[in-house]
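**Q** Structure incoming, see below.
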Amino acid sequence: MKHAGATEIGNVVVELDGRIAAEARQYAHDKISPLARYAPEPTEFAHVRLTPNGPRTITVHANLDVNGTPVVAKAEAPTYEEAVDAVHDQLHSRLLRMHN
């Protein structure tokens, strides 16, 4: 059964650890929030954490709650944009696979 509904995740919490640029919060929110439209069930919550990993690497860890089922992704990249984009792509693929 496909749920009618939300095209965005209602509650996206973005944590920035260390020296991550403040604008990374909005970027992560804007990339992760629309993933709700690909989920097979309501997705009300997402937690995204950005942390520096050494002087030139950002780690992004994201956890979505798809009606009680955790969907997790993690990526590292030289910039927060690249790391968030990689996590977005992983989550997108995992959400689409949940339809089968």
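The values are calculated or read from the model by the stated rules, or taken from the named source; none is laboratory data. A quick note: this is a predicted structure, and the numbers were derived from the prediction, not measured. When we count neighbours, we look across all protein chains shown, and the Cβ atoms used for this are built from the backbone with ideal geometry, even at glycine. Ligands, DNA and RNA are stripped out before the accessible areas are found, and what is left, the full protein with its side chains, is counted by its heavy atoms. Shrake-Rupley method; radii C 1.70, N 1.55, O 1.52, S 1.80 Å.
**Q** Order of 73-81, 60-68 by packing, highest average Cβ count within 10 Å first? Walk me through the numbers before you get to the answer.
**A** Details: 73-81: 16.2, 60-68: 19.1.
Result, highest mean Cβ count within 10 Å first: 60-68, 73-81.
**Q** Turning to a different aspect of this structure: Could you tell me what percent of the accessible area of the range 12-77 is made up of carbon and sulfur, with a 1.4 Å probe and every protein chain present?
**A** Carbon plus sulfur share of accessible area: 47 percent.
**Q** Fully extended, how many nm does the chain gain between Asp30 and Lys74 (0.36 nm per residue separation, minus their Cα-Cα distance)?
**A** 14.1 nm
**Q** While we're here: For the chain, with every protein chain kept in place, what is the accessible area per residue (1.4 Å probe, Å²)?
**A** Values: 5610 Å² over 100 residues.
With all protein chains present, the chain gives 56 Å² per residue.
**Q** Using only protein heavy atoms and a 1.4 Å probe, report how much of Glu8 is accessible, in Å² to the nearest 10.
**A** 100
**Q** If I histogram all Cα-Cα distances within the range 42-94 using bins 10 Å wide from 0, what percent of pairs lands in each bin?
**A** 28, 49, 19, 3
**Q** If you average 1/r over all unlike Cα pairs in the range 1-71 and invert the result, what Kirkwood radius do you get in angstrom?
**A** Radius from the Kirkwood sum: 12.8 Å.
**Q** OK, next. For Asn67 paired with Ser93, estimate the spin-label separation in nm (one decimal), with each label point 7 Å from Cα along the Cα-to-Cβ line.
**A** Label-label distance for Asn67 and Ser93, simple model: 2.5 nm.
**Q** Using only Cα atoms, find the angle between the long axis of helix 80-97 and the longest principal axis of the chain, and express it within 0 to 90 degrees, rounded to the nearest 10.
**A** Roughly 20 degrees between the two axes.
**Q** Give the angle, between 0 and 90 degrees and rounded to the nearest 10, that separates the Cα long axis of helix 23-32 from the longest principal axis of the Cα atoms of the chain.
**A** Here the helix axis deviates by roughly 20 degrees.
**Q** Only four residue types carry charge here, +1 at the Cβ of Lys and Arg and -1 at the Cβ of Asp and Glu. Report the dipole size of the chain about the Cα centre in Debye, rounded to the nearest 20.
**A** The dipole of the chain has a size of about 180 debye.
**Q** Determine the gain in length on full extension of the stretch Phe45-Glu23; use 0.36 nm per residue of separation and subtract their C-alpha separation, reporting nm with one decimal.
**A** Working: separation 22, 0.36 × 22 = 7.92 nm, distance 2.07 nm.
Taking Phe45 through Glu23 to full extension adds about 5.8 nm, to one decimal.
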